[in-house]
2 protein chains.
Amino acid sequence: MAPNMVLNNYISVDCVVFGFNFEKLNVLVVERTLSDGSGEIEFSDLTLTGNHIYEDETIVEAADRILFDLTGLADIYLEQFKTFASPDRLKKENDRKWLLHDGRDPDKRIVSVGFFALLATQKVTIEWKGRNVKWMPVDEVGKLAFDHNLILEEALKALRSKLLHEPIGFELLPEKFTLSQLQKVYEIILDTTFDKRNFRKKVARMKYLIPLDEKQKGVAHKPARMYLFSREVYELTRKEILNFIV
Amino acid sequence: MAPNMVLNNYISVDCVVFGFNFEKLNVLVVERTLSDGSGEIEFSDLTLTGNHIYEDETIVEAADRILFDLTGLADIYLEQFKTFASPDRLKKENDRKWLLHDGRDPDKRIVSVGFFALLATQKVTIEWKGRNVKWMPVDEVGKLAFDHNLILEEALKALRSKLLHEPIGFELLPEKFTLSQLQKVYEIILDTTFDKRNFRKKVARMKYLIPLDEKQKGVAHKPARMYLFSREVYELTRKEILNFIV
DNA sequence: CACCTTAGTGTATTTTTTACACTTTACTTG
DNA sequence: CAAGTAAAGTGTAAAAAATACACTAAGGTG
């Protein structure tokens, strides 16, 4: 056995939970606070949400469990995007103080399998199970603990790439949504704008976006038509689009 | 600490090395043989090529090292595509007999970070370092050890998806290549055919495919013009193509 | 030098992309 | 209840890209 082989590793799953609120792309963060016993808060920081994989679980099961613990939701779009492990993942700056409290040995490596989840922010009841969880716009997230800024950055790259190549925008919206809402998803995440008429022409060709006989309610202007994504139609009509064949 | 938290894990990197020989897509496999001491071979099977991550390495460094050990090559296209870990990854069928010889505890989980590499088969001098390594056409690979058939399947999916959306086909060819060779890469991997004239019209638009004043040699027919991929031009002119904006 | 094999090329049609501005609808406010 | 306001919804012309399709050119081989 090689002398410098790594035998003891913590395997964890980190979930980058993206939520759209019709305005901005948000991410779920957990605030950790550490008291010194007198009731004073000694440290406080923000992390993405992760946990270890249990012995009898697959990676996907762990990711589903973590997402459920965090949001109370199942059947959420969830995708493995990248795995992270640097020898110094746990040795940075002021992270050590946490590790002692977590009972984790800071000299061991944590390998983290990154997932991203997509949902409409409104689906999550914050304070689920009393966890100190909150939505933050991704462009306002400051320093996160560990290497979680890196993980968030990579999750964003993966999300953008996926959004460009597969129809997943509606995963960030309620089940029924308007075309303007959908357009906004693309505009915000890809940091661009689209012409409304051209966007709608494109939608018209995507047969899996089904217009409903139902209108938006409670808005102070002409109410928009609601749409639905049909997975059945999508699976039937999907064909790979070869853009970059060279 | 949760009682069923997994603390001891082996983290390994598995490389699916794809090679194109102008005919078929191949994959590098390693033959393992186990003798009973009398010189007779007791077991023999095929695996993809993996190894553990050392303490002072990042994941990418480990992947580069594994690829170099296997092929003697550096600077090869290499991409992390998926991470695998099932509780029963090591407990299948007749795999246990191997584990005892490897000094690995079969009750521990191996988490495997999957990479795929792309190169022209001719670049690899087989029998590098005397390892029992060989190219096999991917459509002729039979049963592999562990869950390596699954890993190969997923690598193929990732390769196809990447090929559809980014210009990487030439990574499977020598530095200088002809357009017919490039077309063949796409046809074989995507299991389709393209019209030659339309394919070339598309190439003409991809400014990063540079025609050379150099012709194919040693062929019994009209020699083709050689082309080169220019990363510089690609980076300058690249723009995301929004296919699936909905 | 005839033949074999692959390289290389053009055009017409359809589809998709792009650029661009006004009318409609429902609610709100005075 | 009329006017205002805010976003919804719609068409067209021009350019670019995709598709379908068949012959000539070049070099090596026997």
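The values are calculated or read from the model by the stated rules, or taken from the named source; none is laboratory data. Worth saying up front: this structure is predicted, and the values here are computed from it rather than measured. Here the Cβ positions follow ideal geometry from the backbone for every residue, glycine too, while neighbour counts run over all protein chains shown. Heavy atoms of the whole protein, side chains included, go into the accessibility calculation; ligands, DNA and RNA do not. Shrake-Rupley method; radii C 1.70, N 1.55, O 1.52, S 1.80 Å.
So which residues in segment B:219-240 are within 12 Å of DNA strand C (Cβ to nearest atom) and open to solvent by 60 Å² or more (accessible area, probe 1.4 Å), if there are any at all?
Result: B:Ala220, B:His221, B:Lys222, B:Arg225, B:Lys239, B:Glu240.
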Considering (1) modelled with pLDDT under 95; (2) among the β-branched types (Val, Ile, Thr); (3) within 27 Å of B:Val124 (Cα to Cα), say which one B:Val6 fails and leave the rest.
(3)
Residues satisfying the stated conditions in segment A:15-41, i.e. modelled with pLDDT under 85 and within 15 Å of A:Val124 (Cα to Cα)
none
If A:Leu179 meets every condition in (1) within 12 Å of another protein chain (Cβ to nearest Cβ); (2) within 21 Å of A:Val138 (Cβ to Cβ); (3) more than 10 Å from DNA strand C (Cβ to nearest atom) apart from one, which number is that one?
(2)
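Yes or no, residue by residue, for (1) part of a loop (DSSP other than H, G, I, E, B); (2) surrounded by fewer than 16 Cβ atoms within 10 Å (Cβ to Cβ):
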| position | (1), (2) |
| --- | --- |
| B:Leu28 | no, no |
| B:Gly39 | yes, yes |
| B:Ala63 | no, no |
| B:Phe68 | no, yes |
Consider only pairs whose beta carbons are under 8 Å apart and that are at least six residues apart or on different chains; among these, list those whose first residue lies in segment A:220-246 and is under 25 Å from B:Val203 (Cα atoms) and within 15 Å of DNA strand D (Cβ to nearest atom) and whose second residue is part of a loop (DSSP other than H, G, I, E, B) and polar (S, T, N, Q).
A:Ile241/B:Asn243; A:Asn243/B:Asn243
Just the residues that are in contact (Cβ under 8 Å) with a residue 40 or more places away in the chain and crowded, with 19+ Cβ neighbours inside 10 Å, please, taken from segment B:47-61.
B:Leu48, B:Thr49, B:Gly50, B:His52, B:Ile53, B:Ile59
Could you please find all residues in segment A:196-210 being open to solvent by 70 Å² or more (accessible area, probe 1.4 Å), more than 10 Å from chain B (Cβ to nearest Cβ) and within 15 Å of DNA strand D (Cβ to nearest atom)?
A:Lys196, A:Arg197, A:Lys201
Unmet criterion (only one of (1) surrounded by 15 or more Cβ atoms within 10 Å (Cβ to Cβ); (2) modelled with pLDDT of 95 or more; (3) away from every other protein chain (no Cβ under 11 Å)) for B:Asp147:
(2)
Within segment B:154-164, restricting to residues that are within 12 Å of chain A (Cβ to nearest Cβ) and either buried (at least 21 other Cβ atoms within 10 Å of the Cβ) or away from DNA strand C (no atom under 16 Å from the Cβ) (or both), the one that is nearest to A:Phe81 (Cα to Cα) is B:Ala158
